[in-house]
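To start, the structure itself, in structure tokens.
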Amino acid sequence: MEKNDAKKKLKLKVSAIKDGTVIDHIPAKSLFEVIAILGLDKIKNQITFGTNLESGKLGAKAIIKVSDKFFENDEINKIALIAPHAKLNIIRDYEVAEKKIVEIPEKITGIVKCFNPKCITNHEKITTSFKVINTSPVALKCKYCEKITAENQIKML
Amino acid sequence: MKKDLISITDFSKEEYLRIMELAADFEANPNQELLKGKVVASLFFEPSTRTRLSFETAINRLGGRIVGFADPDSSSATKGETLHDTIRMVSNYADLIVMRHPLEGAARYAAEVSSVPIINAGDGANQHPTQTLLDMYSILKTQGTLDNINLFMVGDLKFGRTVHSLLQAMSEFENPIFNFIAPESLQMPRAYKHHLEERGIRYFEHEEFTDIISEADIIYMTRVQKERFSDPMEYEKVKDVYILNKAMLENTKPNVRVLHPLPRVNEIATDVDSSEKAYYFDQALNGMFTREAIISHVMNLK
């Protein structure tokens, strides 16, 4: 019961949307990075967000609600790398029409930069490609130079 | 589908054994005109005289013709041509490309771009699979088997690509034991020890280079390179600790052989050269037979 009450209060803190996407369970520290990666600072849609909300799992979480926006899979992949526990609720006419768990794919193509300065992908126009060899913490093995980019070394392209 | 050799892990255990079989065949009969009428491009975007001569001799002994360049100053790369464009062009001309490049991953990328097979002759600090196959051929020749080998690796185990690839390849065989002798700052990286643990393969780490080598079947020496150390004091401390001399070989097993990818500086004292346990110069010769074998394998010549 207590948990449900807490949930209701949380919902009140960030207003509901009619159509669009709610991205929940973003680590609070990654909120502005998520906004930048998804280009939410460059679109005209109505956006509300809350941050430093309580969350048992994450410590402090953030939530983003974007009206009239439905993300493509490769956009969602980008979120997965810095907010691996993020959950998406697709809202249609105030109702949750679909839930999506953001999962790190087995392969990551063209989103992340290889951390190795001597990797060929940092010298020629090549689409990067990584095999995800660990998800928590994230570890990505470059298809080309075979070096492993660790979670704290991940930079988006 | 074309066959490339980019990383040692591209090949299966069966393919390793096939290469070994072919290498023995070429050792018995090095001149076989299997590449007659074929053109091989030898592209060295970074100079490497030893590797290049070994490959080019192998190609000559197979009756093939060679085009290419020996150093980047005489290549179109100096005019700013991309690797992509160079490989696209050359793969129109040649039947096979052998390439060495200073950037890591260059060979994998070239294999994607090229319509003909690519053999990686070294891509930066990443891979040098033909070295690994010649190391394996040397182990097989001197020990009669690739199973049950107690392999000691000495020196720079952190940055040395040859020891990493050899570890991966040898872990495919029965019951190997690895002994790593390195200063704390140059120990075998975690990922490779994990690779062994996953397969239940025994390994031991030592900082001191002592009479524990009496257990060895193979002593694989590497160079401790000054430029790897951020602290020059640390280099001074370890540079002379990992030197193998003839006296140290006295109580070792009769079958033990000393390998080294060459060039050596001072890590193997010259008095070892006259020992029957020294094998590094023969190892280099094995490289030519192994490269004939690799070329034949990727081009399905035999």
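Derivation of every value follows stated rules applied to the coordinates shown; laboratory data play no part. Bear in mind that the values here come from a model prediction, so they are computed numbers and not experimental data. Backbone-built Cβ (ideal geometry, glycine too); neighbour counts: all protein chains shown.
Which whole-number percent gives the relative contact order of region A:107-156, counting Cα pairs below 8 Å spaced six or more residues apart?
For region A:107-156, the relative contact order is 38 percent.
Using each residue's phi in region B:248-257, evaluate 6.51 cos²θ - 1.76 cosθ + 1.60 at θ = phi - 60° and report the 3J(HN,Hα) Karplus result to the nearest Hz, with x for Gly and Pro.
Once rounded to whole Hz, the list reads 5, 8, 4, 9, 8, 5, x, 7, 5, 10.
Residue by residue through region A:64-71, what is 3J(HN,Hα) from phi via Karplus (6.51 cos²θ - 1.76 cosθ + 1.60, θ = phi - 60°)? Round to whole Hz and write x for glycine and proline.
My calculation for region A:64-71 gives 10, 10, 10, 6, 6, 10, 10, 7 Hz in order.
Select from B:A284, B:I218, B:Y235 the residue farthest towards the positive end of the dipole of chain B; place +1 on Cβ of Lys and Arg, -1 on Cβ of Asp and Glu, and compute about the Cα centre.
B:A284
Could you work out how much longer the chain between B:K3 and B:S76 gets when fully extended? Use 0.36 nm per residue separation minus the Cα distance between them, nm to one decimal.
Separation in residues times 0.36 nm, less the Cα-Cα distance, equals 23.6 nm.
Treat every Asp and Glu Cβ in chain B as -1 and every Lys and Arg Cβ as +1, leave all other atoms uncharged, and give the resulting dipole magnitude about the Cα centre to the nearest 20 debye.
I would put it at about 840 debye.
With springs only between Cα atoms under 10 Å apart, run a GNM on chain A and tell me which of A:K29, A:K65, A:K118 wobbles the most.
For chain A, modelled as a Gaussian network with Cα springs under 10 Å, the answer is A:K118.
Where both residues lie in chain B, what percent of DSSP beta bridges are antiparallel, nearest 5?
5 percent
Whole Å is fine, so just give me how far the alpha carbon centre of region B:150-220 lies from that of region A:31-69.
The two parts, judged by their Cα centres, are 48 Å apart.
List the chymotrypsin sites (Phe, Trp or Tyr not before Pro) in region A:14-99 that DSSP assigns to loop (not H, G, I, E or B) and whose Cβ has at most 10 other Cβ atoms within 10 Å. Which are they?
A:Y94
Based solely on its DSSP helices, what 222 nm [θ] is calculated for chain A when runs of n ≥ 4 H residues each add -39,500 (n - 2.57) and the sum is averaged over all residues, nearest 500 deg cm²/dmol?
Using -39500 (n - 2.57) per qualifying helix, the result is -5500 deg cm²/dmol.
What list of ³J(HN,Hα) couplings, whole Hz, do you get for region B:159-166 from phi and the Karplus terms 6.51, -1.76, 1.60, once you set θ to phi - 60° and write x for glycine and proline?
These are the phi-based 3J(HN,Hα) values: 9, x, 5, 5, 5, 5, 5, 5 Hz.
In whole Å, what is the distance between the alpha-carbon centres of region B:11-46 and region B:233-302?
22 Å
Kindly put B:R202, B:R61 in sequence by how many other C-beta atoms sit within 10 Å of each C-beta, fewest to most.
Ranked by crowding around the Cβ, least crowded first: B:R202, B:R61.
If I take every Cα pair under 8 Å that is 6 or more residues apart in chain A, average their sequence separation and divide by the length, what percent do I get for the relative contact order?
Worked out over chain A, it gives 20 percent.
Quick query: amide H of B:M188 versus all other amide H atoms, modeled in the peptide plane; which residues come in under 5 Å with a sequence gap of 5 or more or a different chain?
Here the answer is none, since no amide H 5 or more places off falls under 5 Å of that of B:M188.
Using helices alone, I'd like the mean residue ellipticity at 222 nm for chain B: each DSSP H run of four-plus residues gives -39500 (n - 2.57), total over residue count, nearest 500.
Per the formula, -11000 deg cm²/dmol.
Among B:A278, B:A247, B:A169, which one shows the highest mean-square fluctuation when chain B is modelled as a Gaussian network with alpha-carbon springs under 10 Å?
Looking only at B:A278, B:A247, B:A169, the largest GNM fluctuation is found for B:A247.
Ranking A:S67, B:S230 by Cβ neighbours within 10 Å, fewest first, what do you get?
Least to most surrounded, the residues fall as B:S230, A:S67.
At most 16 other Cβ atoms within 10 Å plus a DSSP loop assignment makes a site exposed; report the longest stretch of chain B without any exposed GluC sites (Glu not before Pro).
Free of exposed loop sites, the longest segment is B:82-173.
Sorting B:K141, B:K226, A:K57, A:K100 on the 10 Å Cβ count, fewest up front, what's the list?
A:K57, B:K226, A:K100, B:K141
Name the longest site-free stretch of chain A, where the excluded sites are GluC sites (Glu not before Pro) in a DSSP loop with no more than 16 other beta-carbon atoms within 10 Å.
A:1-71
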